[in-house]
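Report on one structure; see the data block that follows.
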Amino acid sequence: MFGRGSFMGDRMHDLVLINAGELVTCAGSGGSDEEKLGAIEDGAMVVDGGRVAWIGTARELKRKSFGRPKRTIDADGGLVTPGFVDPHTHLAFAGSREDELERKARGESYVSILAGGGGIQRTVRETRKASARRIAEESSERLLQLVANGVTTAEVKTGYGQSTREELKMLQAIEILRKRSGVEVVSTFLGLHAKPPEFGDPVEYVSYAIRDMLPRVASSRNRPRFSDCFCEEGVFSREGCARYLRASRELGFELKIHADEFADSDGASLAASAGCTSADHLGRSNAAGVEALAKGKVVAVLLPGTSLYSSIPFADAREMARAGCTVALGTDLSPNSWIESPQLVMGLACTGLKMTPAEALLGFTVNAAKAISRDDVGSLHVGGAADFALHSVPGYRFLPYRLGGSYVKSVFKRGREVYSRAD
């Protein structure tokens, strides 16, 4: 049950967690979401070498024979979950766009702000002026805030450079961020984010991205795992994104796509036919596209915080669940939607997307891990990474329910404490 494994021997172990009122592994078996949570009441866990060595109940732990651990963590009857996985962020950038929230409140749309030189283009101008080190310094504050809210693995995209030189600089900044943070950073090259001002035609820019940027990024010392594009009416066409994704695949990248955020661009079906790992946003995807995602086993990454910030419809999570999609959640932390709280996004998922608390937690853990092609994070199982968070709430249903405060007490990455709240 729960892949608890065995634990014997007299040698000293790195860490023992005790007194978890509810230890949610997100590694359970069974058909229902509650069963998939694999919740253990009065749970305990043993960690060795940064990985889970044993997991079960406190009563079972007492029957095991082992030496004194190097450290004992008392969860004090609170909730313990896997460290959250954020599978979609744009947290690497310079500058800010706080005034655009006011402009949206007065009726301007995201697309109209972008067309007028604001939005992404404004961040591109600020990011191009900044050094890699400065971008990393500004971005580290945002990443640390995610960590303080329970994130132990974060995907980070480029996309605010929009030239070969500047995109390589962004990859350098993300690498600096990875080395400094103490948590895991997964980089994605977002080659098609918006058309830069020096190009008159999006088609011309797509050709440049394929001809110049992709090969240089592929041979970079900071080569990312994923390649991504923004398939959207008024941004990049389905045909242009299809060309870009094919070229990315030929260079060995795994694929992601921003799809159907503001209009139905048939991006969901493109994600399936191109073999994308994930398709993200999906607020306007058609039923056939959703069916294609499910059939192609493409993870649907939903970003309800962005719907809130941009005043656009929420994705139809219930339709996706009925179709059999794996549904993940992300913050979409960016200058447009500066969200650093998975707990807030889980609350929006329950209220706006009509997801259950169990679905929301799975969306930020094991399903989010699938969106970055990982099976060793996002769940607590024997042999998996000992990435976990202690919360000062009694159970997982409180995560989307009790908003507006900081309820993460401490965060561990591979068994090492990377955050502790000062009480």
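Computed from the coordinates by the stated procedures, all read-outs in this text should not be read as laboratory data. This one's a predicted model, so the numbers in the text were calculated from it and none came from an experiment. Note that each Cβ is placed from the backbone with ideal geometry, even for glycine, and that neighbours are counted across all protein chains shown.
Using 0.36 nm times the number of residues separating residue 251 and residue 134, minus their current alpha carbon distance, what extension gain do you get? Let's see the in-between values first.
Details: separation 117, 0.36 × 117 = 42.12 nm, distance 3.00 nm.
Working it through step by step, the gained length comes to 39.1 nm.
Distance between the 7 Å Cα→Cβ label points at residue 402 and residue 295: 4.5 nm. Among the listed pairs 104/169; 195/295; 104/195; 195/297; 157/354; 129/195, those with a Cα-Cα distance over 25 Å are 104/169; 195/295; 195/297; 157/354. Packing order of peptides 94-100, 162-168, highest average first: 162-168, 94-100 (average count of other Cβ atoms within 10 Å over each peptide's residues). Over the chain, dividing the summed -39,500 (n - 2.57) contributions of all DSSP H runs of at least 4 residues by the number of residues returns a 222 nm mean residue ellipticity of -10000 deg cm²/dmol. Taking a Cβ cut-off of under 9 Å around residue 29, the surrounding Lys, Arg, Asp and Glu residues balance to a net charge of 0, with basic ones at +1 and acidic ones at -1. Across the stretch 356-363, rounded Karplus estimates of 3J(HN,Hα) from the backbone phi angles (6.51 cos²θ - 1.76 cosθ + 1.60, θ = phi - 60°) give 7, x, 5, 4, 5, 5, 4, x Hz, Gly and Pro being marked x.
Note on the stretch 370-384 and the stretch 243-309: Cα centroid distance 22 Å, given to the nearest whole angstrom. Is the stretch 85-370 best put as rounded, prolate or oblate by its Cα gyration tensor, with a ≥ b ≥ c the root eigenvalues, rounded for a/c under 1.5, and otherwise prolate when a/b is larger than b/c, oblate when not? Rounded is the answer for the stretch 85-370, as its axis ratio a/c remains below 1.5. Model label points for residue 354 and residue 238, set 7 angstrom from Cα along the Cα-to-Cβ axis, are 2.7 nm apart. Electrostatic tally near residue 384: other residues with Cβ closer than 11 Å to its Cβ, Lys and Arg +1, Asp and Glu -1, net 0. Using the Karplus relation 6.51 cos²θ - 1.76 cosθ + 1.60 with θ = phi - 60°, the per-residue 3J(HN,Hα) values for the stretch 208-217 come to 4, 4, 6, 6, 9, 6, 4, x, 5, 5 Hz, with x marking Gly and Pro. Peptides 171-183, 411-423, 360-372 ordered by packing proxy, namely the average of other Cβ atoms within 10 Å per residue, highest first: 360-372, 171-183, 411-423.
For a footprinting-style exposure proxy, rank 205, 401 by other Cβ within 10 Å, fewest first.
Working: 205 21, 401 14.
The order, fewest Cβ neighbours first, is 401, 205.
With a simple spin-label model that places each label point 7 Å from the Cα along the Cα-to-Cβ direction, the separation between residue 99 and residue 41 comes to 5.7 nm.
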